[in-house]
Structure formats: C-alpha cells, structure tokens
Amino acid sequence: MRTDDDHSPISAQNAKRLFAAWKTAPAIVLAVSGGPDSIALMWLAARWRSTLMRGPRLIAVTVDHGLRAEAASEARDVKRLAHSLDLTHRTMRWTGDKPKTGLPAAARTARYRLLAQAARASGATHILTAHTRDDQAETLLMRLLRGSGISGLAAMARESERDGVLLARPFLHVSKSQLVATLKKAKIDFADDPTNRDTSFTRPRLRAIMPVLAAEGGDARNLARLASRLARANQAVEVLVDGAERYLALRDREATRAGFDASTFEAKAFAAMPEEIRLRLLKRAIDRFGHEGPAELGKVEALLAALDQAGAKQGKKRRPRLKQTLAGALVSLSDGRIRVEPAPPRRGRAD
C-alpha cells in the first residue's frame, strides 16, 4: 500500500487503512521501544482506535533488554505518552545473563518471547510491531548475503504466528521518513537509540551503505518490492508442496498408518519430484517431528543429497539404506521408503 510520498505525514485516512485488518481483534499489544517507528505506531494506533465505535483494547509494551542505562528512563517516557493517549502500558524486562556473541539475535528472541507473554496475559490475539519498508529492505539484504532460499528472501511477512500469538507488521510498505514526519507534525518526541548506528552490528553496517545501493537503483522501495514478489513466489511453491505431500500420502499406505508419530514417503515417487519440492517436504517433516528447533536449509540440502546418493545404489542391486539425525529428527531410508520420526534422546556421557 502506498501512503502518499516518502516524506509526508500519514493521514488519518491512511492510518485507518493501515490498521483495518485488526479492527475485530479483542485486544492488541503494541511493541513500543521509544524510537520513532514504534512511537508512531502507538500514536497512530491510538488515533485509529478513537474513531471506532467498538475496537480492540490497545496495550503498549516496552521491552527493557537491560543493555543500556537509558532504557529504563525511555520506558518511563513511553509509559507517560501511552497514558496520555489513554492506553495501558507494561514494561517487560529481559533478566539473566546476556550472551557474549550473537547478542542481537538473542535480544530479538527475548523480545518476542516477552511480548508474547504480555499478549497472553492481556488476552491479546495480536502483537503489532513497527517494522518499516526500510527494515524490510535491510532484512532482504542480510538474508541475501547469508545465501537464504526463497522463503528467507521473502523477508518479513505482514502477519505470522509466533509463540502462540499472531505477529503483525502494518508498516511494511511505509518509509521510516514518513513516520518521523508524522511525529514531527504531531509534535511528539521520541528516543534515539545509538545502537542503531553501531557498526559493530550487521544491520547498521548495511544501513550505512543503503545510499550507495539506492544510487544504483537498489533503494528501499525496490528492495521491499523484490521481497514482496519473492513472498508471492514462495506462497505458490508452498501450494505445490501441499499437493505433493497429499500425493505421497495417498501413494503410501504406511504413511497413512503412521499418523502423527512419523512421516513416510515412497522413495521412488519422492525422487521424481523437483528438488525444491523435495527439500521443503523433507524440512517440513523434520521440523514437525524434530525437537531442536527448525532445521537449517543447508543441512537439509546435505541430507537430501545423501538420500539421493543412497537411492542411486538401488540400481546396483543393493538395498539403499540411510539413517541420520537432524534437528532432533531421525531420517531413515529403507525398503523403498523414507521415514522421518522423532530421534531418540541423546545418551549422556559417562563420568
């Protein structure tokens, strides 16, 4: 959705369209850090809610990661503004030891966990975050540099499930400059987080080179458009994977009998499918029955190659066999079937 030009304030009419999808929710948590994007989210959501006869309760939640001395006072500033907008506010704190490496990812995981906790306690079905088109472009670049597949390059979805709550991003087609312009027009102050410019982290380094990319046509608008197109392609592939999963289940009676304890595929029918479909089928099954979190794409690719190699031995009059664990799932190939099931618990080492 276009919301006027990149530097104009967001109008009341556009704000109404931005939040319309969630007007029937019973309650919504707004993730508000105190920066310009999230303060604009809170102000615009409160303005939108005031126009509804019956609308969701809005609860502003600030997560204090305990990483900056200023964070506590910024949370209090958010609380004051929230109360002035007639909104409930909660501060959630990330306590305990902080990792020495991978801090941004750990902080992000903790943030969403605490937001989901606040949502469940408040009876909220949704968490709204203030990710902008600029954030979407940066996410695409980060994943591109890591060699992500189509699903990763689709970047952030407008709405997705996380920790039992729906996570929604109404500003994915809105520029950060528009949100800043909106706050300036409303004469609302916001915090400045210096970590957003700390080039010891990946995202600020990418942010610093965005003007160079924009000069070559790779501005945030075009990168976000690419992410949207890849998301569309990803949805189409997922439909094909759904069909392939049903087809394999119909061919394999043992798959039907296996129920929820395992997934089985007839190896010959599985091998005839396009590689992308097979990768996704395998990853789905591993993620469903594993107990160590989502499987990494690169490791699933390596496992698929091993399955193909084992299957090729069938032509040499040898029964293909393979047994490997990945992400807490046991994947085996035997008697013409691929089977994915929970891996047995790891045995502890003897003292």
Exercise. Sticking with the crude label model, points 7 Å out along Cα→Cβ, report the distance from Arg347 to Asp198 in nm, one decimal please.
Key: 4.5
Exercise. Bin width 10 Å, alpha-carbon pairs only: give the P(r) of segment 61-121 as whole percents, running from 0 to the bin holding the largest distance.
Key: 22, 48, 26, 4
Quiz item: Which net charge results when you count Lys and Arg as +1 and Asp and Glu as -1 among the other residues whose beta-carbon is under 12 Å from that of Ala21?
Solution: +4
Quiz prompt | Against the rule of thumb 2.2 N^0.38 Å, how large the Cα Rg of segment 214-313 comes out | solution = 1.34
Quiz prompt | Mean accessible surface per residue for segment 1-156, computed with a 1.4 Å probe while every protein chain stays in place, in Å² | solution = 48
Practice problem: Report the extension gain between Arg288 and Arg158 in nm, rounded to one decimal, defined as 0.36 nm multiplied by the number of residues separating them, less their alpha carbon distance. | Solution: 44.4 nm
Self-check item: In segment 109-170, the trypsin sites (Lys or Arg not before Pro) that fall in loop regions by DSSP, at most 16 other Cβ within 10 Å
Solution: Arg146, Arg158
Quiz item: Rg (Å, one decimal) plus Dmax (Å, integer) for the alpha carbons of segment 13-144?
Solution: 15.2, 49
Self-check item: Two-site label geometry, Ala271 and Ala27: point separation in nm, points 7 Å out along Cα→Cβ
Solution: 5.6
Quiz item: In the P(r) worked out for segment 141-285, what percent of Cα pairs fall beyond 26 Å?
Solution: 48
Practice problem: Please report the Cα spread of the chain along all three principal axes, rounded to whole Å, starting with the longest. | Solution: 78, 53, 45
Practice problem: Could you list the trypsin sites (Lys or Arg not before Pro) in segment 17-69 that lie in coil according to DSSP, counting only those with at most 11 other Cβ atoms within 10 Å of their Cβ? | Solution: Arg54
Self-check item: Listed residues Leu226, Leu67, Leu85, most fluctuating in the chain (Gaussian network, C-alpha, under 10 Å)
Solution: Leu67
Quiz item: Taking springs between alpha-carbon atoms closer than 10 angstrom, which of Ala71, Ala119, Ala327 fluctuates most in the Gaussian network model of the chain?
Solution: Ala327
Quiz item: Per 10 Å bin from zero, what fraction in whole % of the C-alpha pairs of segment 69-162 is there, up to the bin with the longest pair?
Solution: 12, 34, 38, 15, 1
Practice problem: Please report the orientation-averaged projected area of segment 10-49, defined via the convex hull of its C-alpha atoms, in nm². | Solution: 2.8
Quiz item: Calculated FRET efficiency, Ala72 and Ile150, Cβ-Cβ r, R0 45 Å, to nearest 0.05?
Solution: 0.60
Quiz item: How about Lys323: which lysines have a C-alpha closer than 24 Å to its C-alpha, ignoring those fewer than 8 places off in the same chain?
Solution: Lys268, Lys283, Lys299, Lys313
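The values are calculated or read from the model by the stated rules, or taken from the named source; none is laboratory data. From a predicted model like this one, the values you see are computed outputs, not experimental measurements. Ideal geometry is used to build each Cβ from the backbone, glycine not excepted, and the neighbour counts take in all protein chains shown. Accessible surface is based on the protein model in full, side chains and every heavy atom, while ligands, DNA and RNA are left aside. Shrake-Rupley method; radii C 1.70, N 1.55, O 1.52, S 1.80 Å.
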